[in-house]
1. Under 10 Å from the Cβ of residue 29, count the other residues' Cβ atoms, weight Lys and Arg +1, Asp and Glu -1, and hand me the total.
2. Would you mind checking the radius of gyration and Dmax of segment 44-200 based on alpha-carbon positions, in Å?
3. Sort the following peptides by mean Cβ neighbour count (other Cβ atoms within 10 Å, averaged over residues), highest first: 251-258, 301-308, 313-320, 162-169.
4. What is the helix-to-structure angle for 166-179, meaning the angle in degrees between its Cα long axis and the longest Cα principal axis of the chain, kept from 0 to 90 and rounded to the nearest 10?
5. Just the accessible area per residue of the chain, please: how many Å² with a 1.4 Å probe?
6. To the nearest 10 degrees, how steep is helix 96-114 against the longest Cα principal axis of the chain, on a 0 to 90 scale?
7. Once every DSSP H run of n ≥ 4 in the chain is given -39500 (n - 2.57) and the sum is divided by its residues, what mean residue ellipticity at 222 nm do you get, rounded to the nearest 500 deg cm²/dmol?
8. For the chain, give the percent of accessible area contributed by carbon and sulfur heavy atoms, probe 1.4 Å, rounded to a whole number.
Amino acid sequence: MGKIKSVKFKLNTFEYEKPFHITNSISTKTSNIEVCIELENGILGFGEASPSFRVNGEKVETLPALEPIINDMIKGFDVKNYRQIFDILDKFFAFPSIKAAVQYAVLDALSEEIGLPVYKLLGGAREKIETDKTVSIGTIDDRVNDAVKIFKEGFRVIKIKVGENLKEDIEAIERIYEKTKGAKYIVDANMGYTPKEAITFVNELYKKGIDINVFEQPVKAHDIEGLKFVRFHSPFPVGADESAKTKYDVMRLIKEEAVDYINIKLMKSGISDALAIVEIVKAANLHLMIGCMGESSLGINQSVHFALGTGAFDFHDLDSALMIKEEKFRGKYKTEIPYHIAI
């Protein structure tokens, strides 16, 4: 039977190929928790938590203490009844990355037991998706060179980090646009601008004839009025990331008419809230993108299968596994630039 025998955590640390710089944060490595669920019949299911103190207030050092607690709470449950397990894990709202990893490991174990890939369990809406690749903050020349390299690699959606220097950001976008025409652009300020700075930024780009597809999280996460102000004064669609962690956050953003896009990250919401957010946003006739934290291929696998299963996303920012040093690829998908293809 597919009853849970044990849940085990393992800490893994990965180095980035080069320092990853976003607004007020530079990372040289990422520390994640690998989750393994073993069933009574010996089947294993895997997930990964990539916590973010900046976004969720989670510290990776605190997460191993949850292993015995989660064991006590879900051991003996049949993974075929995964909704019952999800309801228990929803109580771990202070630890969303662990919630996501354990919920996915449950689905992965069920997938192995019945011989059906997770993306088909979730609906099987698509067979392939296109991912972007990210240009982190650096000198203007560094950003331009990185964008050109990404474009030459075959990526046609480029994500560009901004938010620390308005003047340099505008110049960097202009030069990237000149050298990568034909690409689509997601520009992410990671809460780095004031509302007035954000409006200046988008208006300057618009006057230069530069189009961006999503202007992501221009202002502080709590500043919903500021986010709405930017949306109503921006020629480009505005998206929420740090402002949109749970389904309740998303309901408020929709009610306040604050955004055009919601960026779902499984590490912010878990699988259960992410499924709810998909339906809430679709009902509101707004748009979705999916993103990542610092997941390895094991963690990106979760978002790939979620995106393929639901088919809900206009844009896929699932590049963290392409940016870290990893000895062994562990995803159940194939990467064929610029596509992730589930198998």
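The values are calculated or read from the model by the stated rules, or taken from the named source; none is laboratory data. Only a predicted model underlies this, so the values are computations on that prediction, with no experimental measurement involved. Note that we place each Cβ from the backbone using ideal geometry, even for glycine, and neighbour counts take in every protein chain shown. The area values use the complete protein model at the heavy-atom level, side chains included, leaving out ligands, DNA and RNA. Shrake-Rupley method; radii C 1.70, N 1.55, O 1.52, S 1.80 Å.
1. 0
2. 20.9, 58
3. Packing order, densest peptide first, comes out as 301-308, 313-320, 162-169, 251-258.
4. 90 degrees
5. 42 Å²
6. 50 degrees
7. After summing the helix terms and dividing by residue count, I get -12000 deg cm²/dmol.
8. 51 percent
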